[in-house]
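Structure, as structure tokens:
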Amino acid sequence: MQNSSLPGTQAGKRTAYESLCDNFSFENERSLLDGLPQGGLNIAHEAVDTHANSGLAQTVALRFIAKGNTVKEYTYSDLQKETSRFANVLRGLGIAKGETVFTLLGRQTELYIAALGTLKNVSVFCPLFSVFGPEPVFQRLSRGGAKVLVTTTAFFEKKIKQLLERLPALRFVLLTNAEKHVDAKALSLRQLMAEASEQFAIPDTSPDDPALLHFTSGTTGMPKGALHVHNAVLFHYITGKYVLNFRPGDIFWCTADPGWVTGTSYGIIAPLVNGVTNIVDEEEFDAARWYAILEEQRVDIWYTAPTAIRRLMRMDIKPRERYDLQNLRLILSVGEPLHAEAVRWGEKMFDRPILDNWWQTETGGIMIANFPFMQVKPGSMGKPLPGVEAAVAEITADSFRVIDEPGQQGHLVLRKGWPSMFRAYLHDEERYRKCFHDDWYITGDLAKKDADGYFWFVGRADDIIKTSGHMVGPFEVENVLMMHDAVAEAAVIGKPDPVIGELVKAFVVLKAGFATGEALQMDILGFARKKLGAAVAPKELSFINELPKTKSGKILRRLLKARELHLPEGDLSTLELG
Ligand code: ATP
Ligand code: MG
């Protein structure tokens, strides 16, 4: 367990977590933020200007590792100037408060400058995955009412030009690598930046002013546009401090792309608000590259996802034997359930557990976490953030009851009002309304809470399997399958069955060195039956080379199910190909 500099760690019998909750208030935390000189709260002010105007001006804010391994750094002072230039570019083009600015870029400098510059102008920022094809880009730009798109000339030629007629509201496309303006609409960002002043006074910003638009991962269906406000920065600050445990001088690396909410909340905002150095790698996953980055950049805190951890687990690399990782203090994971096996692997490989935490696009920030100063129960999501009330509820068409008894499975719900709560689903008020019951936000996930107050993920409400009168969460079954020596990844679905309602069907990816075959199939099924009991264990099992996943690395169980049952495959805009 790590030590922390948290208040109350020494207090009598109260645990560090309890003491943190006892002493916590959002008002106190808010008083630690700077605020705009004229009052108000703006994300970019807290992330950039406040540090540039203080002792952190010469601290490296962003360190980019480009594809060819060249490194480019921006101090907080540099970042202040560049983001102010971008805000002036928007102002010069007549882009107003509340209007939407999109990026379609890899993890390159302009994305980060555009994000923060847009927030300075109190416009709304929406990052898109650069790998989206023209149709998913069109869907999001049109639904989000894009006024500006920042992209490269290559993406413009390949993906955007063909859409322009269908996007009459799109006023400007800013090209990051064009030397000169192309026409009245497609402009050279370089030229505009060169002409813009590096001074920008952030206009009055209310904590409730819209700031960020994020599309969900599309794991369960059509991606939804979740709208967030500037007040979210308070929660990014808090979660950065207590979950990511930022300390002065820390080097932090979040591997997520800003096209997914984690890559913005924790790949841009939280580290900067907390004044640490944020590493950005332009490349995609590569085990050797990643370990080398951890070593060479002397990363203190590493925030990644189960899909990447499972890929590392499949490789025969003992990181501490090959790399000097003495700086690495914390490893965290989000996005999908982190199997107990992965937590234990982390303990073996890095001498520390991987800390799972739970949240979603709609929550804007981490809601439930394994804190660095808390006993980890492998397979559990941990406990709610201070100031956040989480509960398990029984919900039917006409009733809602918070379940007090430990160990009962139900809907994971959160008491409304945390600072980074989403404020709307784009163009879908009805859906937004339906997410709430009185004071509670219904997350769409199922969970259990144990007697010690730890939360355990059961599954998405949509993925739950009803078999012989039991409700089976895919996670508990996958968790057990992952314990089998031959299994690298597993996904479980419910398949309609005339006798038992649904039968549990597993899809399994084998580790290198294991061959598919009936004997192994029977062995894995038998292993699962022994651990889970016949009612819950899979009755069918197929081997598969790769599980279908979203671009943010989430297993698309709905697609496995659609393919198994020969049903329409639904929206596949976020499907990772290759
Ligand atoms: P969509 O809402 O479009 O179906 P999505 O829910 O996957 O997509 P995100 O908001 O990116 O989109 O993901 C949040 C969801 O990811 C959570 O609701 C939960 O189901 C899952 N998740 C995130 N972190 C964890 C975790 N630590 N353990 C288990 N599940 C997690
Ligand atoms: Mg969701």
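The values are calculated or read from the model by the stated rules, or taken from the named source; none is laboratory data. Nothing here was measured: the structure is a model prediction, and the numbers come from that model. Every residue, glycine among them, receives a Cβ derived from its backbone with ideal geometry; neighbour counts consider all protein chains shown. Heavy atoms of the whole protein, side chains included, go into the accessibility calculation; ligands, DNA and RNA do not. Shrake-Rupley method; radii C 1.70, N 1.55, O 1.52, S 1.80 Å.
Treat every Asp and Glu Cβ in segment 464-565 as -1 and every Lys and Arg Cβ as +1, leave all other atoms uncharged, and give the resulting dipole magnitude about the Cα centre to the nearest 20 debye. Intermediate values should be presented prior to the final figure.
Working: 15 positive and 11 negative charges, 75 e Å.
With only Lys, Arg, Asp and Glu charged at Cβ, the dipole is about 360 debye.
Any chance you could give the angle, 0 to 90 degrees and rounded to 10, that helix 232-242 forms with the longest Cα principal axis of the chain? Helix 232-242 sits roughly 60 degrees off the main axis of the chain.
Using Cα pairs closer than 8 Å and at least 6 residues apart in sequence, work out the relative contact order for segment 19-449, in percent.
14
Between the listed residues H228, L128, I202, the Cα displaced farthest toward the positive end of the dipole of the chain, a dipole computed from Cβ unit charges relative to the Cα centre, is found at L128. Residues in segment 392-406 carry Karplus couplings, in order, of 10, 10, 9, 10, 10, 4, 10, 8, 9, 9, 6, 8, 8, 5, x Hz; the curve used is 6.51 cos²θ - 1.76 cosθ + 1.60 with θ = phi - 60°, and Gly or Pro positions show x. Amide H to amide H distances under 5 Å link K416 with W440, Y441, where only residues 5 or more positions off or on other chains count and H is placed in the peptide plane. Extension gain, V402 to S54: 0.36 nm times the residue separation minus the Cα-Cα distance gives 120.6 nm.
Applying D = kT/(6 pi eta Rh) to segment 464-565, where Rh is the Kirkwood radius over alpha-carbon pairs, T corresponds to 10 °C and eta to 1.306 mPa s, the Stokes-Einstein value obtained is 116 µm²/s.
Here the Karplus relation 6.51 cos²θ - 1.76 cosθ + 1.60, evaluated at θ = phi - 60°, turns the backbone of segment 169-185 into coupling constants of 7, 6, 8, 9, 10, 9, 9, 5, 10, 8, 6, 10, 4, 7, 7, 5, 9 Hz, with x for every Gly and Pro. Angle, helix 340-350 long axis vs. longest principal axis of the chain, Cα atoms, 0 to 90°, nearest 10? Result, in degrees: 60. Under the convention that each Lys and Arg Cβ holds +1 and each Asp and Glu Cβ holds -1, the size of the dipole of the chain around its Cα centre is about 520 debye.
In vacuo Debye scattering of the chain, one point per C-alpha: log10 I(q)/I(0) at q = 0.05, 0.06, 0.08, 0.10 Å⁻¹? The Cα Debye sum returns log10 ratios of -0.20, -0.30, -0.54, -0.86. Based on Cα contacts under 8 Å between residues 6+ apart, segment 464-565 shows a relative contact order of 28 percent. Couplings for segment 429-438, taken from phi via the Karplus curve 6.51 cos²θ - 1.76 cosθ + 1.60 with θ = phi - 60°, read 4, 4, 5, 4, 4, 5, 6, 10, 10, 6 Hz in order; Gly and Pro are left as x. Carbon-plus-sulfur accessible fraction, segment 19-449 (probe radius 1.4 Å, protein heavy atoms only): 47%.
The distance from the alpha carbon centre of segment 149-192 to that of segment 491-559 is 46 Å, rounded to a whole number. Amide H to amide H distances under 5 Å link V487 with K511, where only residues 5 or more positions off or on other chains count and H is placed in the peptide plane.
Take the Cα of R289, go 7 Å toward its beta carbon, and the backbone nitrogen atoms of segment 124-162 under 20 Å from that spot belong to 128-133, 152, 154-155.
Annotation: amide H of K549 within the under-5 Å range of L556, E576, sequence separation 5 or more or interchain, hydrogens built in the peptide plane.
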